[in-house]
1. Taking the options 27, 35, 23, name whichever one is surrounded by fewer than 15 Cβ atoms within 10 Å (Cβ to Cβ) and within 23 Å of residue 329 (Cα to Cα).
2. Please find, among 44, 79, the residue that is more than 20 Å from residue 206 (Cβ to Cβ), in the same structural domain as residue 105 (by TED's automatic domain parsing) and surrounded by fewer than 20 Cβ atoms within 10 Å (Cβ to Cβ).
3. Looking only at segment 154-184, which residues are within 12 Å of the ligand (Cβ to nearest atom) and assigned to a helix (DSSP H, G or I)?
4. Among the helices (runs of 4 or more DSSP H) lying completely within segment 202-265, list those that include at least 3 residues that are more than 23 Å from the chain's Cα centre (by Cα).
5. Need the failing condition index for residue 328 against (1) in the same structural domain as residue 247 (by TED's automatic domain parsing); (2) surrounded by fewer than 20 Cβ atoms within 10 Å (Cβ to Cβ); (3) in contact with a helix residue (DSSP H, G or I) (Cβ under 7 Å, 6 or more places away or on another chain), just the number.
6. What do you reckon, is residue 221 within 11 Å of the ligand (Cβ to nearest atom), crowded, with 20+ Cβ neighbours inside 10 Å and either assigned by TED's automatic domain parsing to the domain that holds residue 264 or free of Cβ contacts under 8 Å to residues at least 24 places away in the same chain (or both)?
7. Among 269, 314, which is closer than 17 Å to residue 149 by Cβ and either surrounded by 14 or more Cβ atoms within 10 Å (Cβ to Cβ) or more than 16 Å from the ligand (Cβ to nearest atom) (or both)?
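The values are calculated or read from the model by the stated rules, or taken from the named source; none is laboratory data. Everything numeric here is computed off the predicted structure, so don't read it as measured data. Cβ placement follows ideal geometry from the backbone for every residue including glycine, while neighbour counts extend to all protein chains displayed.
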Ligand code: HSE
């Protein structure tokens, strides 16, 4: 399976490392031989039909700061041109996009659809802003669109609903969807750190977004709520439909006072009664009271009642695992359609 990769940050590098490390297993268990034939970062792109060497790419990136210095392939400046030139079955979009317009990732995804490439992304902004349209577009062009790394890092919240709960409707969703703000609130409670000190730690540990106001301001959680609602509930919403507030106003005093009442403050994303993200007090004994960077989602499922899934919600390796899962899922879907040769 020929893969074009956009972005070579922590997640993409971990993904590349995993498919290199596990290539024999991936071939044996799933019948997939992934080959990175093109790669692009902020410095430009390189592509080669023969495939790009993992060792060489990592070395070049470390020494020069960009994959575009790789020798032995065709080079260029923009991801969009790379998509136009490359012959690959799948685009893995792992660049850094913004919540203003989702670019440049949004254009990359659309162009890949137009070129009849399947797309796997862990990029939240394009989905938060335009998920209903992107789903329609993928359908229109007859390609697969997979995005399990956008929610929950490596924890399969999305496929839990679409695979494990098949036939059972999810009526509502309520949960903790941002690892950074949960880490911050936990450190405030357990170590008496101020919000600023805890956030600085979360940044150093690599959990926070490039712009951490997206974490503590609730936008990241809102993006994930949008993705979950579209995917698990069949809703057609975007981030504009979510009422968003964050944890910026939460002080150490507030955290301590809540605890005296047997409650904890958490950044809660909920689909009902109206879709919203805000700091809420929950009971200490609730299953949603998870610490550190954990994410937890409570699904209200028709016929089953409450089902709670908990797992690590952030991290490069974890998110890279979800891209690999999407690759396997892609192969399954293509096999079902008789399109896997
Ligand atoms: N900044 C995000 C979080 C990363 O803290 O949850 C994972 O999406």
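1. Values: 35 fails: surrounded by fewer than 15 Cβ atoms within 10 Å (Cβ to Cβ); 23 fails: surrounded by fewer than 15 Cβ atoms within 10 Å (Cβ to Cβ).
Answer to the selection: 27.
2. Details: 79 fails: surrounded by fewer than 20 Cβ atoms within 10 Å (Cβ to Cβ).
After ruling out the rest, the residue left standing is 44.
3. Answer for segment 154-184, where residues must be within 12 Å of the ligand (Cβ to nearest atom) and assigned to a helix (DSSP H, G or I): 157, 179, 180, 181, 182, 183, 184.
4. Details: elements: 213-216, 219-233, 252-260.
Result: 252-260.
5. (1)
6. Values: within 11 Å of the ligand (Cβ to nearest atom): yes; crowded, with 20+ Cβ neighbours inside 10 Å: yes; either assigned by TED's automatic domain parsing to the domain that holds residue 264 or free of Cβ contacts under 8 Å to residues at least 24 places away in the same chain (or both): yes.
Here the answer is yes, as residue 221 does meet what is asked.
7. Working: 269 fails: closer than 17 Å to residue 149 by Cβ.
It is 314.
To keep it simple, each residue is scored yes or no on (1) within 22 Å of residue 312 (Cβ to Cβ); (2) at pLDDT 95 or above; (3) surrounded by fewer than 21 Cβ atoms within 10 Å (Cβ to Cβ); (4) more than 16 Å from the ligand (Cβ to nearest atom).
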position: 190; (1), (2), (3), (4): yes, yes, yes, yes
position: 193; (1), (2), (3), (4): yes, yes, yes, yes
position: 199; (1), (2), (3), (4): yes, yes, no, no
position: 215; (1), (2), (3), (4): yes, yes, no, no
position: 254; (1), (2), (3), (4): no, yes, yes, yes
